[in-house]
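Novice: I have a structure I would like to understand better, so I am pasting it below and will then ask my questions one at a time.
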Amino acid sequence: MSLAKQKYPGWGCPQDVYPPASHWPVQPYEAFPGGENWQHFFHVLTEIGEPLPKPEGKKGFSGKFSEKVFNELFDRTNGLIVDRSMGTPVETVNSPDRPVFPVVILGLPTQTATDEQKRIVADLMGLKTSDIIKVYAVDY
């Protein structure tokens, strides 16, 4: 049984227990770019040998694929919770034309990712730890 299912029985994935990142305290978070249509996030499926699903209309991928990725990241990092959100870089948060794009936030407001957890997530997403950016989670 996966660590995620042991720690959060009855939930699809650990993220289901928490509010979305856009409702977390307003503070900078470390995050990886999510990629267009969340391609970096769903790259995890490729890394674990799962076929990449075809998007299902405007909504993108079915929730079961997101749960699979969230649980895999939680298990492989020994308990790091990540969340998908729209984000804006810290440097541009006050700009009226700030960029807003998909991000994968590393940890909860009270949980900071270790260097090893960052490396694991980067490897699974097909990125490098140097791709980490500081963002604010935003509603979009």
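The values are calculated or read from the model by the stated rules, or taken from the named source; none is laboratory data. Keep in mind that what you see is a predicted model, and the values were worked out from it rather than measured. Just the protein is used for accessible areas: all its heavy atoms, side chains included, with ligands, DNA and RNA removed. Shrake-Rupley method; radii C 1.70, N 1.55, O 1.52, S 1.80 Å.
Novice: Classify region 83-140 as rounded, prolate or oblate from the Cα gyration tensor: take a ≥ b ≥ c as the square roots of its eigenvalues, call it rounded if a/c is under 1.5, otherwise prolate when a/b beats b/c and oblate if not.
Specialist: The shape class here is prolate.
Novice: Solvent-accessible area per residue for the chain at a 1.4 Å probe radius, Å²? Walk me through the numbers on the way to the answer.
Specialist: Details: 7780 Å² over 140 residues.
I get 56 Å² per residue for this part.
Novice: If you don't mind, another one. When the distances between all Cα atoms of the chain are binned every 10 Å from zero, what whole-number percent does each bin get?
Specialist: Binned Cα distances yield the sequence 12, 44, 36, 7, 0.
Novice: Taking amide H positions as placed 1.01 Å from N in the peptide plane, with prolines and chain starts having none, which residues 5 or more places from residue 108, or on another chain, fall under 5 Å of its amide H?
Specialist: Amide H neighbours of residue 108: 81.
Novice: Still on this model: In degrees from 0 to 90, rounded to the nearest 10, what is the angle of the helix 63-76 Cα long axis to the longest principal axis of the chain?
Specialist: Long axis of 63-76 versus the principal axis of the chain: about 90 degrees.
Novice: Still on this structure, please answer the following. Can you tell me the 0 to 90 degree angle between the C-alpha axis of helix 115-125 and the longest principal axis of the chain, rounded to 10?
Specialist: The angle comes out near 80 degrees.
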